[in-house]
Every structure is written in structure tokens, then in C-alpha cells.
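Computed from the coordinates by the stated procedures, all read-outs in this text should not be read as laboratory data. Note that the coordinates shown come from a computational prediction; the quantities given were computed from them, not determined experimentally. For neighbour counting, all protein chains shown are included, and Cβ atoms are generated from backbone atoms with ideal geometry for every residue, glycine included.
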Amino acid sequence: MKLRKKYSKSAVTMAMLHGVLMGVAGVLIFGFLLNVSNRMEVKSDEPGTEVTVSGPVTNAEPGNEEKPANNGESEGSDNPGQPAIQFYALQHGVFTSDASAKEFISTDPALQKAAIIPVADQYFIWSEIGVTEDEVRKEDKTGDTFVKSFRLSGAGCMKGDIRVPELLKETELQKLNFDDSVDGDDLPAQWRENIAAVTAFSKDMKIVRAQLLAHYMLKNECLKIEF
């Protein structure tokens, strides 16, 4: 036997009203959520806003930025492992042209073994170069003759030519001669030929230095003299 439950008319009306209110509330909540979502999208697209995609967050403060390591190298130096070497020259004059310097040498027989050293736009006449001041100091210096100190650097040179300052610092002439066991690439360009020519001209180490320096300064712009 079926039992039929009877509802009053007022109960049915209340149920219908409750359903309508639930539907309206759902629509309002959905609309609110949609509006909030749109506002968030607009804010993230504003100019100047940075959005981190991936990677760690860094909180760097002014003055605490990470600096790259220089591996012990000095700034502005082509080859910090080759410091400039101190020398002393016996100077007889300085001219603005090579021709003027040669003319001056030709007028003084005592300067026939002197060398002309080009530095920037000037031409220095040096008869001797020593590794100490006492080596070239002379009591009979007259006129414009005096001892001039300078530093020679080959830091900007390639393999071989970079050794010019180091080799000129040698105090014994025989140490400038290298047999065939030494690779020519490890020596300045045409070093053996130049040593043979200069030592045939003079065996005085001070004169040999001056003549070799004049040759390599003329051939290599990488060699630098500083006063």
C-alpha cells in the first residue's frame, strides 16, 4: 500500500523562494570572483612591473653588489706577469726627427757607436745603457750629457718579443747567445742574427744594450719606454 505525503501550500511556496535565493547568491559569488581575477591580470600587465619567472631571489643592497674576480691581474695591463724593467742611459741629446739625430752623431766622432732611440715623437741619443746608474755614470760628462733613468716594458708584445727587456737586463754577453737547442719562437725576432751583428760592432755590454734596444724599438711598437 503506497503512502502519499501531503505538503501544505505554504511549505511549497517557501521551498520555491529558497531555491530562487540560492540561485541569485550563486550568480553574485561567481561575478565577484570573476571581477577579482580580471583586476589581478590587469595589475600584472602594468609597465614597470617585474615578474620573476624562475631562479633564486636576490636581495642585493647598494654597495654589496657581487664583483667579478680579477684573478690577480692589474687593470689596463696587457701582461701583468711581465713588469717594466728599470734601466739607465747615458744621454747626449734629444731631437724631433731621426735625420736631426743622425746629423748630430755624424759631427762627433765619440758618438759613432751611439744609438738613436725613438720614443713617441722624439729621438734620443744614448751611447750606453746599464742596469744600474753607476754602470753608466761618468765623471767627464759635459754639456747635455747626463744619466737618464727609464723603464722598459714588453707587456704588449707577443711571445718572443716580450722577452726583450728581460734579455737586455743580462749582465754577461755570453748569456745573450743561444744555440740551436732553443726554439727561435721563444726568442725575439731574428735575435741570433742581431746578436751576431751587434757583437761584431762592439763587445761592450752597455753599447750592445743600446744598439739592440734601438733596433727593437724601431721594429716593435709593443715595446714601451716610460720616463
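Numbers below:
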quantity: Sorted peptide list for 82-94, 187-199, criterion being average Cβ within 10 angstrom, highest first; calculated: 82-94, 187-199
quantity: Efficiency of FRET between V119 and M158 - r from beta-carbon atoms, R0 22 angstrom, step 0.05; calculated: 0.55
quantity: Spatial extent of the stretch 92-227: Rg and Dmax, with the Cα atoms as the point set, Å; calculated: 14.9, 47
